[in-house]
Amino acid sequence: MSRIALVTLVVDDYDEAIRFYTDALGFRLVEDEPRSDGARWVVVRPGEGQDGTGLLLARAKGDAQRDRIGDQTGGRVGFFLHTDDFARDHARMRAAGVTFLEEPRHEPYGSVVVFQDLYGNRWDLLQPAG
C-alpha cells in the first residue's frame, strides 16, 4: 500500500509557521529537528493520530523559492482540511484570527469555506456530506 506522507509548504520563517499551524489551525508539531546545513526538518499534522498526510514546513532558500511563498498553486485552493465539526472548527479558527475569504457555504458535497494561511495560500475547510 502507498500513501502520500508529506507535502512541502514553502514558508518564510519556521517559528511563525509553526505558531500559525499549531495555534490557529490546531495542528500538532510532529517533528522539529535541526539539519547540518542550518535548516530544520519541521512536520505538522492535523488531528490526533499519526496517520494522514503531514506538512513539511520548508524555509525558502533563494529568490525562486521566496517568490513562491503564498502562491504555490497559482491562486487556486491548494489544500483541503477536512473536519468532523465544521461549526466548531470555523468558530475556533475565526477566534484565532484566521482570514476567511468568503462566508461558509453548504453544498451537496458538504459544508465549506475558503481561508488563507499566514502567507496567503488558499485552503478549504470542509466537512464532507454524509
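Could you tell me which residue of segment 103-127 is most open to solvent (accessible area, probe 1.4 Å), considering only residues that are acidic (Asp, Glu) and over 25 Å from Arg19 (Cβ atoms)?
Keep residues of segment 103-127 that are acidic (Asp, Glu), which gives 103, 107, 117, 124.
Restricting the remaining residues to those that are over 25 Å from Arg19 (Cβ atoms) gives 103, 107.
Values: Glu103: 129, Glu107: 67 Å².
Applying the filter and picking the extreme gives Glu103.
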So for segment 41-50 (the condition being among the acidic types (Asp, Glu), free of Cβ contacts under 8 Å to residues at least 60 places away in the same chain and under 25 Å from Ala91 (Cα atoms)), does at least one residue qualify?
yes
Can you name the residue in segment 61-70 that is open to solvent by 60 Å² or more (accessible area, probe 1.4 Å) and of a type outside the set (Gly, Ala, Ser) and is also nearest to the chain's Cα centre (by Cα) among such residues?
Arg68
Starting from residues that are modelled with pLDDT under 95 and among the charged types (D, E, K, R), keep the ones in segment 40-60 and report whichever is most open to solvent (accessible area, probe 1.4 Å).
Glu48
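For segment 14-39, name all the residues that are farther than 27 Å from Ala87 by Cα and open to solvent by 60 Å² or more (accessible area, probe 1.4 Å).
Filtering segment 14-39 down to residues farther than 27 Å from Ala87 by Cα leaves 14-15, 31-39.
Answer for segment 14-39, where residues must be farther than 27 Å from Ala87 by Cα and open to solvent by 60 Å² or more (accessible area, probe 1.4 Å): Asp15, Glu31, Glu33, Pro34, Arg35, Ser36, Asp37.
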Determine whether segment 71-88 contains at least one residue that is over 23 Å from Asp124 (Cβ atoms) and open to solvent by 60 Å² or more (accessible area, probe 1.4 Å).
no
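Over 18 Å from Tyr14 (Cα atoms) and either among the basic types (Lys, Arg) or open to solvent by less than 40 Å² (accessible area, probe 1.4 Å) (or both), is that true of Phe100?
Against the criterion (over 18 Å from Tyr14 (Cα atoms) and either among the basic types (Lys, Arg) or open to solvent by less than 40 Å² (accessible area, probe 1.4 Å) (or both)), Phe100 qualifies.
The values are calculated or read from the model by the stated rules, or taken from the named source; none is laboratory data. Remember, predicted model here, so these are calculated numbers, not experimental data. When we count neighbours, we look across all protein chains shown, and the Cβ atoms used for this are built from the backbone with ideal geometry, even at glycine. Heavy atoms of the whole protein, side chains included, go into the accessibility calculation; ligands, DNA and RNA do not. Shrake-Rupley method; radii C 1.70, N 1.55, O 1.52, S 1.80 Å.
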